[in-house]
Amino acid sequence: MVPTPRYVLLDGDKPVSTFVVGAVGDSAKRAIFGFSDKKQYDVFRTNSQLAYKPYPLVKGYLRGQIEKADSGAAFMVLDAIAPDGGSFQVCSMPETLVAFETNAVALDSTTVLGHVDQSN
């Protein structure tokens with residue numbers, strides 16, 4: 001279980017994303033960075049050379065990502081310590097939305113590998 005993310009990480013007006021792979025042979029899926037609190041975000045910032053900013057995560061944004069299916073983000077990276085951390089804790093966008101709608105303080109996550117290429 002990991003804390004429910006409350007913020008999404010932005011570079012300008014676009015969410016910061018990366019690609020993750022669940023297992024060997026799986027295709028890479030887009031994931032955005034989410035944080036449960038300022039403390040976790042501050043750790044990420046100290047391990048990144050770029051000046052990203054946190055923005056409150058909202059249900060409408062999550063629904064939009066789910067509706068985009070192919071072009072939207074499939075996962076939310078949870079409280080990453082760096083943009084290229086090797087492995088990340090993630091949950092799907094629908095799981096994150098359910099956590100928001102039920103006011104859950106934590107949700108289940110899966111460990112995945114970060115892909116070398118990052119994309120905004």
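The values are calculated or read from the model by the stated rules, or taken from the named source; none is laboratory data. Everything numeric here is computed off the predicted structure, so don't read it as measured data. Neighbour counts are summed over all protein chains in view; Cβ atoms, including those assigned to glycine, are modelled from backbone coordinates with ideal geometry. Note: accessible area is taken over every heavy atom of the protein model, side chains too, but ligands, DNA and RNA are not part of it. Shrake-Rupley method; radii C 1.70, N 1.55, O 1.52, S 1.80 Å.
Please enumerate the residues belonging to region 6-48 that are under 12 Å from ALA80 (Cα atoms), acidic (Asp, Glu) and either open to solvent by 80 Å² or more (accessible area, probe 1.4 Å) or touching a residue at least 60 places away in the same chain (Cβ under 8 Å) (or both).
Scanning region 6-48 gives a single hit, ASP37.
Of the residues that make up region 60-77, is at least one surrounded by 12 or more Cβ atoms within 10 Å (Cβ to Cβ) and touching a Cys at 6+ places or on another chain (Cβ under 8 Å)?
Residues of region 60-77 surrounded by 12 or more Cβ atoms within 10 Å (Cβ to Cβ): 61-66, 68, 72-77.
Remaining after also requiring touching a Cys at 6+ places or on another chain (Cβ under 8 Å): 75-76.
Within region 60-77, one or more residues are surrounded by 12 or more Cβ atoms within 10 Å (Cβ to Cβ) and touching a Cys at 6+ places or on another chain (Cβ under 8 Å).
Could you please tell me which pairs satisfy a Cβ distance under 7 Å, a separation of 6+ or placement on different chains, a first residue in region 99-110 that is small (Gly, Ala, Ser), and a second residue that is open to solvent by 30 Å² or more (accessible area, probe 1.4 Å) and modelled with pLDDT of 90 or more?
Pairs that qualify, where the first residue is small (Gly, Ala, Ser) and the partner is open to solvent by 30 Å² or more (accessible area, probe 1.4 Å) and modelled with pLDDT of 90 or more, are ALA106/PRO3; SER109/GLN89.
Would you confirm whether any residue within region 81-91 is open to solvent by 60 Å² or more (accessible area, probe 1.4 Å), at pLDDT 90 or above, within 18 Å of SER109 (Cα to Cα) and not β-branched (Val, Ile, Thr)?
Yes, because at least one residue in region 81-91 is open to solvent by 60 Å² or more (accessible area, probe 1.4 Å), at pLDDT 90 or above, within 18 Å of SER109 (Cα to Cα) and not β-branched (Val, Ile, Thr).
Checking ALA51 against (1) open to solvent by 40 Å² or more (accessible area, probe 1.4 Å); (2) part of a helix (DSSP H, G or I), which test does it fail?
All conditions are met except number (2).
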